[in-house]
Amino acid sequence: MRDTPLANEPRRPGRTPLPPNIRKDKIAVTAMVRISCSARHGGKKEPCASCRELLEYALQRLDLCPFGENKTACSQCPIHCYKPDMRSRIQDVMRFAGPRMVFYHPWMALRHWARRGAPPPPRPGRV
Ligand code: SF4
C-alpha cells in the first residue's frame with residue numbers, strides 16, 4: 001500500500017514541475033484510491049479498471065489545477081473542476097478511505113485534515 005506509482009508517473013512532459021503541494025495531493029489521492037479499491041473491489045496490487053480511470057482523472061485534474069501552490073483541499077475549492085459523476089465517485093472514495101488514512105498514512109491524513117480547515121483560496125485571476 002505504500003508505493004504510489006501512478007502518482008509518480010510523468011504527466012506533464014515538457015512543462016514546469018508541479019508545486020510540492022500538488023505533488024503531495026497526487027500521492028494522497030493515489031493512496032486513497034488504492035485503499036478504497038483494495039478493500040471494496042479486490043484491487044490488492046493494482047486498482048481495478050474503474051478505480052484506475054477515476055485515479056487517472058483525479059491526477060489529471062491536479063495537473064491542471066489553476067490554484068497551483070495556493071491549492072488547498074479540493075473540498076474547499078470554489079471552482080470544483082470535476083465532472084459531476086467523477087465528483088461523486090471521488091467523494092465516495094474520500095468518505096471511505098479518509099478515516100482509514102490515519103492507519104495507513106498518518107502524516108498524509110494529518111496534512112489533509114489541517115488543510116480542510118483552511119479558508120478556500122481566491123479564484124485565480126481575482127484579487
Ligand atoms: S477541485 Fe479545485 S482545487 Fe481541486 S483540482 Fe479542481 S480546481 Fe484544483
- Residue satisfying all of: in the stretch 66-91; more than 8 Å from the ligand (Cβ to nearest atom) and touching a residue at least 40 places away in the same chain (Cβ under 8 Å); surrounded by the most Cβ atoms within 10 Å (Cβ to Cβ) among these: Ile90
- Pairs, please: C-beta under 7 Å, at least 6 apart or cross-chain, first residue free of Cβ contacts under 8 Å to residues at least 24 places away in the same chain and in the stretch 19-47, second surrounded by fewer than 22 Cβ atoms within 10 Å (Cβ to Cβ)? Cys37/Gly43; Cys37/Pro47; Cys37/Cys48; Cys37/Cys51; His41/Cys48; His41/Cys51; Gly43/Cys51; Lys44/Ser38
- Answer yes or no as to whether Gly98 is more than 8 Å from the ligand (Cβ to nearest atom) and in contact with a Pro (Cβ under 9 Å, 6 or more places away or on another chain). no
- Options Ala39, Ala97, Ala114: the member that is aliphatic (A, V, I, L, M) and within 13 Å of the chain's Cα centre (by Cα): Ala97
- Please specify each residue of the stretch 13-36 satisfying the condition of being over 9 Å from the mean Cα position of the chain (by Cα), over 12 Å from Ala97 (Cβ atoms) and crowded, with 16+ Cβ neighbours inside 10 Å. Leu18, Asn21
- Task: Return the total of residues in the stretch 21-63 being in a helix (DSSP H, G or I), away from the ligand (no atom under 15 Å from the Cβ) and of a type outside the set (A, V, I, L, M).
- Result: 9
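Of the residues that sit in the stretch 42-62 and are charged (D, E, K, R) and surrounded by 13 or more Cβ atoms within 10 Å (Cβ to Cβ), which one is farthest from the chain's Cα centre (by Cα)?
Step one: list which residues in the stretch 42-62 are charged (D, E, K, R), which gives 44-46, 52-53, 56, 61.
Add one more test, that the residue is surrounded by 13 or more Cβ atoms within 10 Å (Cβ to Cβ), and what stays is 46, 52-53, 56, 61.
Working: Glu46: 17, Arg52: 13, Glu53: 13, Glu56: 10, Arg61: 9 Å.
Per the criteria, the residue is Glu46.
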- Task: Please find, within the stretch 101-118, the residue that is nearest to the ligand (Cβ to nearest atom) out of those that are assigned to a helix (DSSP H, G or I) and either farther than 17 Å from Arg34 by Cβ or touching a Gly at 6+ places or on another chain (Cβ under 8 Å) (or both).
- Result: Arg115
- Considering only the stretch 55-112, state which residues are β-branched (Val, Ile, Thr) and touching a helix residue (DSSP H, G or I) at 6+ places or on another chain (Cβ under 9 Å). Thr72, Ile90, Val93, Val102
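Since every read-out is calculated from the coordinates, none of them should be taken as a lab result. Treat the numbers as computed from the prediction; the structure is a model and nothing was measured. No Cβ is skipped: glycine too gets one built from the backbone with ideal geometry, and neighbour counts run over all protein chains shown.
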